[in-house]
Amino acid sequence: MASGRTRASAGLFGSSRWLRRALWVVAILILAPVVLTILYIPSFVHPVSTLMIKDLVTLQGYDRRWVPLDEIAPVLMNSVVMSEDGQFCSHYGIDLAELKLVIDDAISGEKPRGASTITMQTVKNLYLWHRPLETVRKVVELPLAIYVDLVMPKRRIMEIYLNIAEWGPNIYGIEAAAQHYFGKSAKNLTPRQAALLTVALPNPITRNPAKPGPGLRRLANLIERRASRAGGYVDCLQ
């Protein structure tokens with residue numbers, strides 16, 4: 001009988017130990033983005049994305065050439081804002097109006113639209129996974145996006161985003177993308193090239209900015225027109 005109680009106690013103790021370890025892991029995963037965001041604020045720090053880390057771990061390698069925001073053509077930034085997140089300069093990490101539309105679509109059973117802000121995409125690329133469990137990831141993204149927007153200047157968020165965004169297989173950041181697709185630096189991109197690179201962002205593995213099909217060209221025409229009238233939408237990046 002005593003032996004049975006001893007085994008039960010040992011089992012309970014073991015379970016408790018594993019629970020504590022699991023809680024420590026969860027705490028570290030939560031605190032890591034909080035601490036790293038502070039460390040990423042200085043401009044001399046060049047963060048890498050989770051996809052870049054995956055490419056290193058799987059021995060694929062990647063091409064990324066960090067450039068400061070001042071060495072990126074303004075028309076590229078205008079194109080990205082007008083295509084990806086028109087309220088980037090005015091929201092606080094999440095676009096509440098777009099989020100409400102997504103929730104309404106989900107309640108009504110319609111296919112949800114995209115509501116990711118540039119800040120949310122930056123958070124995802126820096127700290128989170130891409131697939132699977134996308135709904136769980138979105139829940140984590142929201143508070144992190146608000147936190148990042150609170151402590152990090154908009155220009156720095158944009159600078160990090162444009163330097164870690166995926167632009168093709170093992171191609172990250174606007175400088176590597178500009179060199180790969182158009183053979184020029186990011187600061188010398190034309191409005192047309194900036195629009196083509198921008199419309200490739202939602203699906204960079206299958207969309208080739210240098211060889212756009214009719215659909216991609218139509219999207220690029222639209223973004224090029226919007227970028228030319230960006231005006232106050234990009235005031236925070238000036």
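Hey, can you rank 176-183, 139-146, 150-157 by average C-beta count inside 10 Å, highest first?
Highest-to-lowest ranking by the protection proxy: 176-183, 139-146, 150-157.
Whole-Hz Karplus ³J(HN,Hα) for region 143-158, in order, using 6.51 cos²θ - 1.76 cosθ + 1.60 and θ = phi - 60°, x for Gly and Pro?
Each residue's phi maps through the Karplus curve to give x, 5, 5, 4, 5, 4, 5, 6, 9, 10, x, 4, 4, 5, 4, 5 Hz.
Let's test this: bin the Cα-Cα distances of region 41-237 at 10 Å from zero up to the farthest pair and state each bin's percent.
Result, from short to long distances: 9, 35, 39, 15, 1 percent.
All of the numbers you see were taken from the coordinates with simple rules; none came from a lab. Note that this is a predicted model, so its numbers are computed, not measured. Ideal geometry is used to build each Cβ from the backbone, glycine not excepted, and the neighbour counts take in all protein chains shown.
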